[in-house]
Amino acid sequence: MTSMTPTVSASGLSLHYGRTRALDDVSLRLTPGVTGLLGPNGAGKTTLLRVLATAVPADRGAFTVLGHDPASARGRQEVRRRLGYLPQTPGFHPDFTAFEFVDYVAILKELADRRERHREVRRVLDEVDLGDVRGRRIKKLSGGMRQRVALAAALVGDPGFLVLDEPTVGLDPEQRMRFRELIAGAGEGRTVLLSTHQTEDVAMLCHRVIVMAAGAVRFDGTPAELTARAAGRVWNSTEKDPGAKAGWRTGTGSFRNVGDPPPGAEPAEPTLEDGYLLVLDGADTEVTA
Amino acid sequence: MRIEENRPRDAWHVDEDDLRAYARGELAAPALWSADAHLTSCATCRGVLAEVSDVAALDAGWARLDAELDAPRPALLERLLVRCGVGDGTARLLAATPILRRSWFGALAAVLITTFLVAVAAGAAGRPTLFLVCAPLLPLVSVALAYGPALDPTHEMAVVSPMHGFRLLMIRTVAVLVVALGVGGLASLALPGFGPAALAWLLPGLALTATGLALTPRLGPVLAPSVLVCAWAAVLLAADAARASTDGPLAPFTAAGQGVSGCVAALGAGLLFLFRDRFDVSTRGVA
């Protein structure tokens, strides 16, 4: 996978908001498929996504998308022609219908020919299963449907690089499952960067995962590698182990502990979440890939 | 088919090449009109047309028709704009301009009534000063409200689209200016007896608008027009203190003042053009 030509290649991206260091020397390479971006609130996920989506320029560092450098106005436009972006809180014109809204975004994306544009709008609305409600006003759509309208808008023009900022937040489990299917479909043949709080999103969708904390990349590898970080460091006990870095009572009543196990502890099968917790804990700051 | 029975024998028939072009939808008038008229009354030509019609082209024609019927009917504002000769893409962009869409009509009515009341009050006082002082702010504030992250819910999506931010800004600005200047112009007509003097707000208004836009990338979409409103108030206070008699016009509304306003408007427009690339990224801190 690492031998593939990267779609996105970034080095040394840094960004400060006043005294806050939102991005601290972030370097990464993204290849086709879905890459998950995990991290707690304030880790810099949204800032990284906004920089890569050319919404804000970085203070330092550089990146290219499909060979185009957004440092110049010309390069930025070329990047934007290949970009689909679903912001964290996508805004809508509530009086537009789903069709009109996606059509509006298609116009912004320079699809000038009316007939072709309308065909493309219908294609993306069908792709997110909203073909039947395309004439309905956005203010009358449910939260899950609105999120799918935003995804359709991001997919207009078949972009090679798709940036999705926490698209599954606020969705109920069924909607989340449906949305994951859509993202998996969108990830076929294109590069998707997906930020999320949900380790399940990553486990089910991503061929690769990046963990961020305090503006820096803490882990960059496959989900299996992240899970492997917790191998031999998860154990069950009847009481909460005071030596554990994290511990919680599971559905079975026993405690699940993550950290450095005491002698004689009963080892448990590690999960992606265990690996994520250990990486965040700061014990593992090494980047593997 | 009585018409066919009445068809004169050895009549003229549509040329086969023309029928092919007709089938592809490429036959131009007036040959198109002749073909249309003739085909309704000539079974022979209809037969030839069916033979020469490309099935794929016919399907494409149906798909086009299908898409036309399928596309939702645009809202009133959009239809009006298209009727006025605005391209359908531009009309959609304008319909998404928050101030032209949401509470625009309410705001427009409020502005009209206020301006009219101000004009009446000014008329009663025998001088249009009050109106002239307020009117230049109308285009400035309207344009400031027409875009920006605070009022455009899709600002973030618009910023990262390949369409240049400056182009979108100009499309919206021109539309808003046309309306704001129209409203101001109508209000000026409500001040009979002052003649061209009632239009002395126009150049200061354009100067304020252009400068406000030019300052926006640096100061942001709220601070820039606010600064300009304060600057305008300061200019008026200074002019009031400096004027020779209480009956004379304020400096901005004299011939010299109009000249200065014109220069500032041109300068502001020039700066705006110079800074056009700065409208292409979000201002910092807008999350």
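The values are calculated or read from the model by the stated rules, or taken from the named source; none is laboratory data. Note that the coordinates shown come from a computational prediction; the quantities given were computed from them, not determined experimentally. Here the Cβ positions follow ideal geometry from the backbone for every residue, glycine too, while neighbour counts run over all protein chains shown. Remember, those area values only see protein heavy atoms, side chains included, never the ligands or the DNA or RNA. Shrake-Rupley method; radii C 1.70, N 1.55, O 1.52, S 1.80 Å.
The lysines within cross-link reach of residue A:140, meaning a Cα-to-Cα straight distance under 30 Å and a gap of 8 or more places when in the same chain, are A:109.
The modelled label-to-label distance between residue A:140 and residue B:277, using points 7 Å beyond Cα along the C-beta direction, is 4.6 nm. Summing charges over neighbours of residue A:21, with a neighbour being any other residue whose Cβ is under 13 Å away from its Cβ, gives -1 when K and R count +1 and D and E count -1.
Remark: accessible surface ordering of B:73, A:137 (largest first) is B:73, A:137, probe radius 1.4 Å. Within the assembled protein chains, the solvent-accessible surface assigned to residue B:22 is about 60 Å², based on a 1.4 Å probe. Here's the list of aspartates and glutamates a cross-link from residue A:45 could span, going by alpha-carbon distance under 13 Å and ignoring same-chain residues fewer than 8 apart: A:24, A:165, A:166.
Only alpha carbons enter this Debye calculation for the stretch A:1-62, each as an equal point scatterer, and the log10 of I(q)/I(0) it gives at q = 0.12, 0.22, 0.29 Å⁻¹ is -0.30, -0.94, -1.36. Straight-distance candidates among the aspartates and glutamates for linking to residue A:240, with alpha-carbon spacing under 20 Å and chain neighbours fewer than 8 residues away dropped: A:260, A:266, A:269, A:273, A:274, A:281.
Solvent-accessible area lost on pairing A with B (1.4 Å probe, both sides summed) amounts to about 3600 Å².
Within the accessible area of chain A, the carbon and sulfur atoms contribute 48%, probe 1.4 Å, all protein chains present.
Database remark: amide H of residue A:33 closer than 5 angstrom to the amide H of A:189, A:190, A:191, A:192 (H placed geometrically; neighbours at sequence offset of 5 or more, or on other chains; Pro and chain starts carry no H).
Using Cβ point charges alone (K and R +1, D and E -1), the dipole size of the stretch A:91-157 about the Cα centre works out to roughly 220 debye.
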